[in-house]
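First comes the structure, then the notes that go with it.
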């Protein structure tokens, strides 16, 4: 049975907000593993939606951008509902973590020098491997593969919630629609073959300086869920003189 606020939310008329982000916006997911979200929220000028004011917890400071608007709670679309209803939906869902929230934010500080990728333009594909969440088996490193190129993170202490916060950079990369990458999480063994915990594929951004944040479900060799991994991806143009100072 659905919580009462979700039943009411389905009857609430929604604001005309597209489910597709505009060219100056990007959508991203954040998974909270505890009930403490650390988000200061406020309504928009019409008294609807939940906008992030301040980020107060360690998780929210790392993964949530202030001024982001809440789009969905555990894949339930809440954008366009009244502030109270969205807030109550978040509170109810937070009682039973993990909680997945989808946000939308304006691209004001990233990509001011953006331009669409030309046929032969190349840049630096940067994949930041943030962390693994609720893995079914302890892991120590992961590998990102783009075409035939493979880059690995450093090894960290074996854990079911490993945190890497490591940037992997693929040089001379040409953006193109439909390109995908694969991330695979492993547990290192000094005696036996390294154990594959799970893998997931993800689409690579098409344009330059368009930050993409992914929360991906890892699947093992039998196709079963083996955990979640969080990645941030961006392609920086070679001519961008500030490429090494972009942080995300």
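FYI, it's all coordinate maths here, none of it is from the lab. Bear in mind the structure is a predicted one, so any value in this text is a computation, not a measurement. Backbone-built Cβ (ideal geometry, glycine too); neighbour counts: all protein chains shown.
Taking other C-beta atoms within 10 Å as the exposure proxy, 164, 77 rank 77, 164 from fewest upward. Of the peptides 127-134, 174-181, the order by per-residue mean of other Cβ atoms within 10 Å, starting with the highest, comes out as 127-134, 174-181.
Working value for segment 123-245: equivalent-ellipsoid semi-axes of 26, 15, 13 Å, each the square root of 5 times a Cα gyration tensor eigenvalue, largest first. Packing, taken as the mean count of other beta carbons within 10 Å per residue, orders the peptides 141-148, 218-225 from highest to lowest as 141-148, 218-225.
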